[in-house]
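Shown next, in structure tokens, is the structure this report addresses.
The values are calculated or read from the model by the stated rules, or taken from the named source; none is laboratory data. What you see is a predicted model; the values in this text were computed from it and never measured. Glycine gets a Cβ as well: all are built from the backbone with ideal geometry, and neighbour counts include every protein chain shown. Areas reflect the complete protein model, heavy atoms only, side chains present, ligands, DNA and RNA absent. Shrake-Rupley method; radii C 1.70, N 1.55, O 1.52, S 1.80 Å.
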Amino acid sequence: MRWCGSGSLGRAGTLLALLLPLWELGCWGLISASGGQNQAQHTTVGPWEMLRRHKRSWVWNQFFVLEEYTGEEPLYVGKLHSDMDKGDGKVKYVLSGEGSTSIFTIDENTGDIHATKRLDREEQAYYTLQAQAVDRITNIPVEPRSEFLVKVQDINDNEPKFMDGHYMAGVPEMSALGTMVVQVAATDADDPTYGNSARVVYSIISGQPYFSVEPKTGIIRTALPNMDREVKDQYVLVIQAKDMVGQMGGLSGTTSVTITLTDVNDNPPHFSRKNYQYTVLESLPVASVVARVKAVDADIGPNAEMEYRIMEDGPGLFNITTDEDTQEGVIILQKPLDFETKNSFNVRIEATNRNIDSAFVHLGSFSDTTSVKVTVEDVNESPVFSTQLSRMVVSEDARVGTSIGRVSAHDPDSSNSAIRYSIDRNTDLERFFIVDALSGVISTAKPLDREVNSVHNLTILAMESQDPTKIGKGFVAITVLDINDNAPVFAIEYETLLCENAAPGQVIQTISAVDKDEPPSGHRFYFALPASVASNTNFTLRDNKDNTASIVTKHGGFRRQEQMLYRLPVLIVDSGSPALSSTNTLSVNVCDCDSDGVAQSCGAMPYTLPAGLSTGALVAILGCIITLLVMVLLIVSMRRKKKEPLILEDARDVRENIVRYDDEGGGEEDTEAFDMVALRNLNVIRDPKVRRDVTPDTHTFFPYPMSSSSQPVYKTLPDNVVFREFIWDRLKDADVEPSAPPYDSLQTYAFEGSGSVAESLSSLESLSTDSEQNYDYLSTWGPRFKKLADLYGNNDGKSNGNSVLS
């Protein structure tokens, strides 16, 4: 099979004419791997045979097609032809591979190849296709499949592009001419191996005359020397990249470059004013801010950081520091001001750049100075003590009223007001001391005890007599001197154990002493036995001369059966003046010890039971005692559970006998929860009594019976009448009982549920209840009972039959 491409044949027409005698052998190209059946035989040939070119079935090369073809007809790519094709239409050409159906088509009869779509080399530079000639009827290949390439030929259809987009760069101000700033780069998608389509050159469109760009490298450099950031700190450049080496017709792309001039320390600081004036009060506290000054610097950042110093300020009253946030000089007071001593100060201040660039030292001094005048205003000051802290001493045996020392304060103002003194009682809560208000003399007000408090720290207040709001404070430390007023005692509570088998002369205890006093030369204690026990036959005491003493046995063979505890008095004397002593008692317990002298048991010997009483007998006796105790407890418990009558037989008021129980009653048929008989046994004769809190003019509001013969018998009445009569009886008692509440007190009665045997106790239901009680007497009780008389009395001379209580 042969190929013939339209583009290739046009350029090589001359060559084809020269090779025309070989055309019948096949087009010029490469030998395919499938031409084995037509290869020359390896036989001996003559010179002419050696010059002849053997026929090959497949001869291939590359096809070329231009990208971005815009014609209306399909673009002719080339032609395929097989030697097996005799022109009789029996051979069919088949195309496969990349784009064989979507982009490239082949005429199955002629083998012409066309491109049906516009191609873009930047998307795909070449296509690999396979061609084959097959029998049209049987589809059997008449020649093996072979592969060829279709290359897309580049045209200049892509402009250069800056892939990094907008550029940001910086260069120090005052830089030299030609200082590199930044490098830009543009890329062209066209084929760099074919023509000048991808050869880019750079130029600057906007940004001159400050900057320039190198055409081939894209490096941007400064075009002017000593550009000043303080004049202009930012420039925007437009850079163009053009292909075709910048020739006419080339495509171009642009980008912007923002160049910022970075700061250098090329400007010295300077104060906006050469003189400043400030006024402060003389009461301004130390470490307060007096004033703020600022030196201006056209630079920024670290190049504008300042250092301030005071060049001269007289007595050194002021200091200056730098506020790191504002770069101001902060003048701070170091000593108290006194208007009466000096009322104005002149301070000279220098400001210097903290970070000086040696490259710009030739421009001049990077510092400036200014003068600050501080005027002090007078204020009414608080009194001032001549000594802020006074130290005094007093003996702890000083009598009340003893003078300890004197404090002194004065008014620092020109008025020199008189001073009055007092003690801040928060520092002397127990009022041990007093101070004379006029003289400032401090005296004792109570007896002192060094052992309780050895140092008293007082705050003395001094106030002006003309302006009591002005108060000064002074401090006094009073040390209480020790005297020998405490006797020595045992250092601890000793527990001395004495073995029964102790030997004579054995040390059984070493004792020491303590004393609350603190003599300057230290303690020295002396130990001895009092004269009353010095001649005892059991123990002796040996003073060790080192503030300790040893207790020594005089004999051995101590027995607990004879005496289990010995009390030995010890006399301790201190070395004070006068010397004090105390007698302390040492308890010595006799113990049973093992062979190593370790106590096993101390105190009383265990009691030995008589031989005739066995263990069983002891158990029996103990059991009887326990049984008796249990019986006693049961009897007591049963007595406590025994019910008491709800209403006693005596004449006590029912209000004093309230019985609380949590049982829920069973209604009127329940006779077990409450015994009605208890209410029927209240036939007690009550004599009328005269109340002590009622005027004796009216003896009573109700005609009480004088004998018990007219009093009803409760147990003969129905249950509902029992309650009514009982309550009525209580009402009469309340009227005549001298110890009862006043006559106008409210007597409250409760009624629980309807259907009760006692019925209702409320008078609200009396209107609907028939009763034989006559309430006409209510009209004689006075105006307070008028309403009840109208409700229950006999209207129009006719009784309505309603009772007051039911």
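Quick notes
- Per-residue SASA remark: residue 602, around 60 Å² accessible (1.4 Å probe; ligands, DNA and RNA not included).
- For residue 496, the residues 5 or more places off, or on other chains, whose built amide H falls under 5 Å of its own are 587, 589.
- Using Cβ point charges alone (K and R +1, D and E -1), the dipole size of segment 161-262 about the Cα centre works out to roughly 120 debye.
- Accessible surface of residue 386 - all protein chains present, 1.4 Å probe, nearest 10 Å²: 90
- Amide hydrogen neighbours beyond the local backbone of residue 528, cut-off 5 Å, H modeled: 571
- Volume per residue of the convex hull around the Cα atoms, evaluated for segment 161-262, comes out as 81 Å³.
- Taking amide H as placed 1.01 Å from N in the peptide plane, residue 205 has its amide H under 5 Å from the amide H of 238, 239, 240, each at least 5 places away in sequence or on another chain.
- Whole-angstrom gap from segment 218-266 to segment 533-583, using each part's C-alpha centre: 111
- Heavy-atom accessible area order for 90, 446, 732, largest first, 1.4 Å probe: 90, 446, 732
- q = 0.18, 0.20 Å⁻¹, segment 70-161: log10 I(q)/I(0) [Debye, one scatterer per Cα]: -0.82, -0.95
- Ranking 427, 255, 537 from most to least accessible surface, computed with a 1.4 Å probe over the protein chains only, gives 537, 427, 255.
- Relative to the current alpha-carbon distance between residue 264 and residue 120, full extension at 0.36 nm per residue lengthens the span by 46.6 nm.
- With contacts taken as Cα pairs under 8 Å at a separation of at least 6 residues, segment 161-262 carries a relative contact order of 37 percent.
- Segment 489-599, relative contact order [Cα under 8 Å, separation at least 6], %: 35
- Seen from every direction in turn and averaged, the convex hull around the alpha carbons of segment 384-481 projects onto 5.7 nm².
- Over segment 479-568, the reciprocal of the mean inverse Cα-Cα separation, the Kirkwood hydrodynamic radius, stands at 15.1 Å.
- Using a probe of 1.4 Å on the protein chains alone, the accessible area found for residue 381 is around 30 Å².
- Pairs from the table (79/117; 161/216; 151/216; 335/473; 641/732) lying more than 25 angstrom apart at Cα are 151/216; 641/732.
- Centre separation in Å (Cα based) which lies between segment 406-476 and segment 126-173: 107
- Carbon/sulfur fraction of accessible area - segment 62-153, other protein chains in place, 1.4 Å, %: 49
- Per-pair calculated FRET efficiency, R0 = 22 Å: residue 68 and residue 216 via Cβ, rounded to 0.05: 0.20
- Cβ-derived FRET efficiency at R0 35 Å, residue 554 paired with residue 619, nearest 0.05: 0.15
- Length added when fully stretched, residue 639-residue 281, from 0.36 nm per residue minus Cα-Cα: 119.7 nm
- The slack between residue 377 and residue 503, meaning 0.36 nm per residue of separation minus the straight C-alpha distance, is 36.2 nm.
- Relative contact order for segment 75-189, counting Cα pairs under 8 Å that sit 6 or more residues apart, in percent: 22
- Near-label residues of segment 419-442 by backbone N, under 19 Å of a point 7 Å along Cα→Cβ of residue 402: 430-436, 441-442
- Accessible area, probe 1.4 Å, largest first, for residues 350, 159, 143, 430: 430, 159, 350, 143
- Point-to-point label distance, residue 479-residue 534, nm (Cα→Cβ direction, 7 Å offset): 4.1
- Alpha carbon Rg of segment 270-377, scaled by the compact-globule rule 2.2 N^0.38 Å: 1.16
- Where trypsin sites (Lys or Arg not before Pro) fall in DSSP loop in segment 161-251, at most 13 other Cβ within 10 Å: 216, 232
- Enclosed volume per residue, in Å³, of the convex hull spanned by Cα atoms of segment 371-437: 137
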